[in-house]
Each structure stands twice: as structure tokens, then as C-alpha cells.
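S.K.: Input: one structure, supplied below.
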Amino acid sequence: MLSTIDSKITPNDLIFDTYIQGDDHTDITINLQLNGHLLTGIMNGLTPLIENTDYTLDGSTVTIKKEYLNTLNMDQTTVLTFTFNSSTPQNLSIYVSNYTPDDANLTDLQIDGTTVTDFDSDEIGPYDASIPYAQTSVVITPTLSNPYATFQVAGDTDLVVGPNEITVTVTSQKEVSLNTRSS
């Protein structure tokens with residue numbers, strides 16, 4: 001005899017972060033309270049999720065794989081519908097975000113191992129620095145506040161006597177760039 005009590009899912013609302021290092025970039029686990037019913041499928045609109053590809057079912061636990069979640073539209077809520085035999089469908093709302101840091105800042109900037117005079121992490125420059133007469137290159141060492149950001153240095157070779165412009169471009173994981181100039 002089938003139960004007259006509907007199946008339930010918990011939680012009903014979740015956040016998925018597409019930022020790989022984010023705390024919410026994980027498979028999502030949903031607990032089923034089946035109440036005598038069977039899960040017959042999970043739908044995204046009219047598209048069924050594929051068991052053992054998009055999700056797994058282990059007893060009363062569904063795990064929706066992050067590989068599937070990464071395919072959902074960014075900055076939107078997707079509703080997945082869990083269907084059961086002879087029970088009211090249950091909806092799971094998943095907000096897909098991208099909390100990738102846009103930090104493209106420096107905590108230090110050195111030329112040949114010495115911090116640039118008047119360096120201020122809240123300013124993007126320009127900064128003035130002096131090097132020995134006729135030195136044709138310098139080693140620029142930026143310290144990034146975001147360990148996943150990247151940097152490029154331009155103008156640190158083929159220096160001439162007199163003013164030279166060296167540009168340090170720091171790019172965050174969100175492709176936000178910050179230029180720091182030293183002359």
C-alpha cells in the first residue's frame with residue numbers, strides 16, 4: 001500500500017559557487033524523506049538529469065555532481081524538480097554564483113630586492129625609484145594579496161640612462177587588472 005504522505009527533500013534552497021577554490025564549489029547532497037515512495041527522476045525544466053552522470057542516488061541521499069552544476073546559468077536560480085511515484089514533486093532551488101575574488105592588489109613591490117620607496121598598497125602609482133647608473137635591467141618582485149592572481153612585468157629590461165617606465169600588471173582570477181607603474 002502506498003503512503004498518503006508526500007515525499008520531502010531537504011534542503012530546498014542552495015547556493016553553488018563556480019569558483020573552483022570556493023567553499024560552495026562542491027557536489028550538493030539532498031536528503032530524501034521518501035515516506036514509502038520511490039524517486040523516479042530529477043528534471044531541469046523538461047530536461048531529465050541522468051542518474052550516475054548528473055547525480056547519484058544512495059538510499060535516501062541524492063548527490064548532484066558539481067560537474068553538472070557547472071553547466072547551469074550563472075547568476076540565476078535553477079529549479080530542479082524531484083519526481084516520485086504517486087507523490088507530489090518537490091523543487092530544489094539552486095542559485096549559481098561566481099565568487100571568484102577580483103583582488104588584483106599588491107602588498108609589496110620590490111626592485112632588485114628592495115621595497116619601492118613610498119610604496120602604498122592602496123595606491124597604483126606611479127612610483128619613483130633610482131637604480132645604479134648604466135644598469136640595463138632590474139628584477140621586479142611584486143607580492144600579490146591574492147595568491148591565485150597573476151602578474152606581468154613590462155619595461156624591466158633594456159633600460160637607458162634617465163627615466164624609464166616599468167609596468168606591473170596584476171590580473172585577478174576574474175580578469176580584473178591593476179597596473180602599477182615605476183619610473
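The values are calculated or read from the model by the stated rules, or taken from the named source; none is laboratory data. These numbers come from a predicted model, not from an experiment. Don't worry about glycine lacking a Cβ; one is built from the backbone with ideal geometry, like all the others, and counts go over all protein chains shown.
S.K.: Those residues that are under 17 Å from Thr107 (Cα atoms), surrounded by 16 or more Cβ atoms within 10 Å (Cβ to Cβ) and free of Cβ contacts under 8 Å to residues at least 40 places away in the same chain, I need them from the stretch 125-143; list them, please.
M.R.: Hits for the stretch 125-143 are Thr141, Pro142.
S.K.: Another one. Of all the strands (runs of 3 or more DSSP E) wholly in the stretch 77-183, which have at least 2 residues that are modelled with pLDDT under 85?
M.R.: Strands (runs of 3 or more DSSP E) meeting the threshold: 177-182.
S.K.: Quick one: which of Ala149, Ala154, Ala104 is in contact (Cβ under 8 Å) with a residue 60 or more places away in the chain and in contact with a strand residue (DSSP E or B) (Cβ under 7 Å, 6 or more places away or on another chain)?
M.R.: Going through Ala149, Ala154, Ala104 in turn, the sole match is Ala104.
S.K.: In addition: Go through the stretch 1-42 and count every residue that is among the small types (Gly, Ala, Ser) and under 30 Å from Asp103 (Cβ atoms).
M.R.: Counting residues in the stretch 1-42 that are among the small types (Gly, Ala, Ser) and under 30 Å from Asp103 (Cβ atoms) gives 1.
S.K.: If you take the residues of the stretch 3-20 that are part of a loop (DSSP other than H, G, I, E, B) and either more than 18 Å from Phe82 (Cα to Cα) or aromatic (Phe, Trp, Tyr) (or both), which of them is modelled with the lowest pLDDT?
M.R.: Restricting attention to the stretch 3-20, the residues satisfying the condition of being part of a loop (DSSP other than H, G, I, E, B) are 3-7, 11-12, 18-20.
Imposing the further condition that a residue be either more than 18 Å from Phe82 (Cα to Cα) or aromatic (Phe, Trp, Tyr) (or both) reduces the set to 18-20.
Numbers: Thr18: 87, Tyr19: 81, Ile20: 78.
The extreme case among them is Ile20.
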